[in-house]
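Colleague: First the structure, then my questions, so here it is.
The values are calculated or read from the model by the stated rules, or taken from the named source; none is laboratory data. The model shown is predicted, which means the values in this text are computed figures rather than measured ones. Note: ideal-geometry Cβ built from the backbone for every residue, glycine included; neighbour counts use all protein chains shown.
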């Protein structure tokens, strides 16, 4: 089991990616979906994948202690971006869904992890 200090490092990483996504979201939906310049979309989608990857390293007990974070949906994004053609019915990433999630859910994730709940039994590392 990861101790509380390790969990805090992972939470800080998730929040850092969330703030980077917020910077791109401020550019607006049109910039995100612009087919001639995909830099904003690429950045957001990559950061969503990194958030999901990091979330997957948190123990189940931490995720259960913080149920208002959409852990399952994060996992779906990771699969969608990392393996878009491995499903039985392959499809490219859903950019509109990614935009909505980045705009609506990512700020909530950042706020909800500002003061996360740590499961009982997570040992705090001695400094």
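Colleague: Considering only segment 1-37, how many residues are touching a helix residue (DSSP H, G or I) at 6+ places or on another chain (Cβ under 7 Å) and outside any loop (DSSP other than H, G, I, E, B)?
Modeller: Total satisfying the criteria: 17.
Colleague: Related question: Return the residues of segment 38-50 that are out of contact with any helix residue (DSSP H, G or I) (no Cβ under 8 Å at 6 or more places or on another chain) and either under 19 Å from residue 70 (Cα atoms) or part of a helix (DSSP H, G or I) (or both); say none if nothing qualifies.
Modeller: 39, 42
Colleague: Of the residues 114, 104, 96, 125, which single one is modelled with pLDDT of 85 or more and within 30 Å of residue 3 (Cα to Cα)?
Modeller: 114
Colleague: So which pairs qualify, if the first residue must be in segment 33-54 and on the phi < 0 side of the Ramachandran plot and surrounded by 14 or more Cβ atoms within 10 Å (Cβ to Cβ), the second must be at pLDDT 95 or above and not in a helix (DSSP H, G or I), the Cβ gap must be under 7 Å, and the two must be at least 6 apart or on different chains?
Modeller: That search, which allows pairs on different chains as well, returns 40/27.
Colleague: For segment 56-71, check the following and say yes or no: at least one residue is outside any helix (DSSP H, G or I), out of contact with any strand residue (DSSP E or B) (no Cβ under 9 Å at 6 or more places or on another chain), modelled with pLDDT of 80 or more and closer than 28 Å to residue 31 by Cα.
Modeller: yes
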